[in-house]
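S.K.: Just dropping this structure here.
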Amino acid sequence: MSNISRLCHTKPIITVNGRFPGPTIYAREGDRVIVNVTNHVQYNMTLHWHGLKQIRNGWVDGPAYVTQCPIQTGSSFTYDFNITGQRGTLWWHAHIMWLRATVNGAIVIMPKAGVPYPFPKPDGEPEIILGEWWHKDVEVVEQQGSMLGLAPNMSDAHLINGKAGLFFPCRDTHTYALEVEQGKTYLLRIINAALNDELFFAIADHNMTVVEIDAVYCKPFTTNAILLTPGQTTSVLLVANQVSSRYFMATRAYNDAPIPVDNKTATAILQYKGVPVTVQPIMPQLPAPSNTSFAMDFNAKLKSLNSPQYPANVPLNVDRNLFYTIGMGLNPCPTCVNGTQLAASLNNITFEMPQVGLLQAHYFGTKGVFTLDFPDNPPVTFNYTGAPLTANLGTSLGTRLSKIKFNSTVELVLQDTNLLSVESHPFHLHGYNFFVMARGIGNFDPAKDPAKYNLVDPPERNTVGVPAGGWAAIRFRANNPGVWFMHCHLELHTTWGLKMAFLVEDGTGSDESILPPPNDLPAC
């Protein structure tokens, strides 16, 4: 625990090695990484290495009670994994309760020695971590919402590298500043570590060239702003080719649903070398908070590089078709303020977290922890994005997994619904990358919408944003055996049960089986 002051509020927060955000992990493709974690705080803790595939090694993936039991207070655990076939920007964060609000940091994976980037070599490579700040303890905020049966309070500020910037009644003593030199090129590794907000990011008077998303190279394109859902990373090239001065970098929430979000703008400063700090920075033109057109257009521009060295191996044939509806619900809660408690569900199932790790239960054959009957389709077909539905909003509770045949190809359509309200949902699949075949507004049409699929160079990601009142279709090959979490990366919705897990069978050979658990695997 470290005492941290932001916006004239001081509170103890969980830090890693005393830092907020936490330290960056630097590695190369092909490296073995060993991270020794000792828990000195009152909360049980797990860490997740977001976007690392952890091939056959789900034991160190990190989501509490899915692939491991938490590290108890006073205990230690060693995360030991290989980085195979990946390079670019990822990140790590706590994966239990709301603790990732302060427990997070960047992962920078360099190419193998001697292998160049598929774009001009930059002169600098700073990390830019976007986040959120609550004046209160985040666990208290979460618990108060749960006790009331309502949504927890939204954040009090957004952050850029742990700082909120200048546009607050009580501003930070310091604002993050990035010094650049005239004419040089910089690779900004941008991470959305916010718990609950999709975020725009822009730099005054400067364009950015997007070259990589979620540690996958993409076809370069130039833009004056970018959009990241929670969990996503985007690396951009920035050329310091404007008049030597000071320019604001800024971030604020994107929200096109009728629900409140933290609408405050956080700022940092792009500082040209030699310019006095007394020069007033220029503010960028961020997209309007509800600019759905920009959001859809930006995502449509994202395409895999699909070069001979970095091909896009898109599954063209599908063995298993899944259709999951995303819904909000209300379940009885006698102790809550309205007698009901908000719930979230996939195919009307609100996921109940077990008290034993699911991978552990599967590996050792422990009975009674989960069932393998998560449905491939919703129980009821209706006009998913029509008029808001406010009746019969109860959900089913259960720890139900979907069993996937090893090496099969899977197509999953994620469909938002207007149960209580439409909302956007960033979904993260552990253990895999997937291809985003298409996204759309309204109800997915299985007869017409597959014709819109990009079968050549769709973006390859580990986190996809499902549009508010819309859908997203993804494909992946189930070639990584184990139990793998899939959940909304809005911590608010994950708390309410918007999650599930896939059980991918072992292959036929020893090289395709799940590795044995580590000797120091924490016990529940």
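S.K.: Would you check if there is a residue in the stretch 287-303 being in contact (Cβ under 8 Å) with a residue 12 or more places away in the chain, closer than 28 Å to residue 215 by Cβ, assigned to a strand (DSSP E or B) and not hydrophobic (A, V, I, L, M, F, W, C)?
M.R.: no
S.K.: Looking only at residues that are charged (D, E, K, R) and outside any strand (DSSP E or B) in the stretch 12-36, which one is least open to solvent (accessible area, probe 1.4 Å)? It would help to see each step written out before you state the result.
M.R.: Of all residues in the stretch 12-36, those charged (D, E, K, R) come to 19, 28-29, 31-32.
From what is left, the residues that are outside any strand (DSSP E or B) are 29, 31.
Numbers: 29: 34, 31: 60 Å².
By that ranking, first place goes to 29.
S.K.: While we're looking at this one, here's another question. Name the residue that is nearest to residue 192 (Cα to Cα), counting only residues in the stretch 443-483 that are in contact with a strand residue (DSSP E or B) (Cβ under 7 Å, 6 or more places away or on another chain) and of a type in the set (Asp, Glu).
M.R.: Looking at residues that are in contact with a strand residue (DSSP E or B) (Cβ under 7 Å, 6 or more places away or on another chain) and of a type in the set (Asp, Glu), I get 460.
S.K.: Here's a follow-up. Those residues that are crowded, with 19+ Cβ neighbours inside 10 Å and out of contact with any Leu (no Cβ under 7 Å at 6 or more places or on another chain), I need them from the stretch 198-209; list them, please.
M.R.: 204, the sole residue that qualifies.
S.K.: Now for a separate question. Considering each of 106, 177 in turn, give the residue that is among the small types (Gly, Ala, Ser), closer than 22 Å to residue 23 by Cα and in contact with a Ser or Thr (Cβ under 8 Å, 6 or more places away or on another chain). Don't jump to the end; show me each part of the working.
M.R.: On the way: 177 fails: in contact with a Ser or Thr (Cβ under 8 Å, 6 or more places away or on another chain).
Step by step, each of 106, 177 is checked, and only 106 is among the small types (Gly, Ala, Ser), closer than 22 Å to residue 23 by Cα and in contact with a Ser or Thr (Cβ under 8 Å, 6 or more places away or on another chain).
S.K.: Within the stretch 126-149, is there a residue that is under 18 Å from residue 103 (Cβ atoms), at pLDDT 90 or above and of a type in the set (S, T, N, Q)?
M.R.: Checked against the condition, which is being under 18 Å from residue 103 (Cβ atoms), at pLDDT 90 or above and of a type in the set (S, T, N, Q), the stretch 126-149 yields no hits at all.
S.K.: Related question: So residue 455 passes all but one of these: (1) open to solvent by less than 20 Å² (accessible area, probe 1.4 Å); (2) farther than 22 Å from residue 233 by Cα; (3) among the hydrophobic types (A, V, I, L, M, F, W, C). Which condition number does it fail?
M.R.: Only one criterion is unmet by residue 455, namely (1).
S.K.: While we're on this one: Considering only the stretch 435-481, state which residues are under 20 Å from residue 293 (Cβ atoms) and in a strand (DSSP E or B).
M.R.: Selection gives 436, 438, 439, 440, 441, 464, 465, 466, 470, 471, 472.
S.K.: A follow-up question, please. Residue check, residue 317 against (1) farther than 30 Å from residue 145 by Cβ; (2) without any contact (Cβ under 8 Å) to a residue 40 or more places away in the chain, all met but one. Which one?
M.R.: Checking residue 317 against (1) farther than 30 Å from residue 145 by Cβ; (2) without any contact (Cβ under 8 Å) to a residue 40 or more places away in the chain, the one that fails is (2).
S.K.: Now, a different point. So which residues in the stretch 165-195 are modelled with pLDDT under 90, under 28 Å from residue 50 (Cβ atoms) and buried (at least 16 other Cβ atoms within 10 Å of the Cβ), if there are any at all?
M.R.: 172, the sole residue that qualifies.
S.K.: If you don't mind, there's one more thing I want to ask. With 466, 483, 504 as the choices, which residue is under 24 Å from residue 49 (Cβ atoms), under 16 Å from the mean Cα position of the chain (by Cα) and buried (at least 23 other Cβ atoms within 10 Å of the Cβ)? Even if it seems obvious, please write down each step before you answer.
M.R.: Numbers: 483 fails: under 16 Å from the mean Cα position of the chain (by Cα); 504 fails: under 16 Å from the mean Cα position of the chain (by Cα).
Result: 466 is the single residue among 466, 483, 504 that is under 24 Å from residue 49 (Cβ atoms), under 16 Å from the mean Cα position of the chain (by Cα) and buried (at least 23 other Cβ atoms within 10 Å of the Cβ).
S.K.: Quickly run through the stretch 304-315 and pick out the residues that are part of a loop (DSSP other than H, G, I, E, B) and surrounded by 12 or more Cβ atoms within 10 Å (Cβ to Cβ).
M.R.: The answer is 305, 306, 307, 310, 312, 314, 315.
S.K.: Among the residues of the stretch 316-341, write down those that are open to solvent by 60 Å² or more (accessible area, probe 1.4 Å) and β-branched (Val, Ile, Thr).
M.R.: Scanning the stretch 316-341 gives 335, 337.
S.K.: So which strands (runs of 3 or more DSSP E) stay within the stretch 218-265 end to end and still have 2 or more residues that are of a type in the set (Phe, Trp, Tyr), surrounded by 18 or more Cβ atoms within 10 Å (Cβ to Cβ) and modelled with pLDDT of 95 or more? Lay out the reasoning, then the answer.
M.R.: Values: elements: 226-228, 233-239, 246-254.
Output list reads 246-254.
S.K.: Sticking with this one: State which residue pairs qualify: first residue closer than 14 Å to residue 102 by Cβ and inside the stretch 40-57, second residue small (Gly, Ala, Ser) in any location, beta carbons under 6 Å apart, and separation of 6 or more residues or different chains.
M.R.: 47/62
S.K.: Another one. What are the residues in the stretch 276-286 that are touching a strand residue (DSSP E or B) at 6+ places or on another chain (Cβ under 7 Å), open to solvent by 20 Å² or more (accessible area, probe 1.4 Å) and over 27 Å from residue 218 (Cβ atoms), if any?
M.R.: Answer for the stretch 276-286, where residues must be touching a strand residue (DSSP E or B) at 6+ places or on another chain (Cβ under 7 Å), open to solvent by 20 Å² or more (accessible area, probe 1.4 Å) and over 27 Å from residue 218 (Cβ atoms): 279, 282, 283.
The values are calculated or read from the model by the stated rules, or taken from the named source; none is laboratory data. A quick note: this is a predicted structure, and the numbers were derived from the prediction, not measured. Quick reminder, even Gly has a Cβ in these numbers, built from the backbone with ideal geometry, and neighbours come from all protein chains shown. Keep in mind that these areas ignore ligands, DNA and RNA; they rest on the heavy atoms of the full protein, side chains included. Shrake-Rupley method; radii C 1.70, N 1.55, O 1.52, S 1.80 Å.
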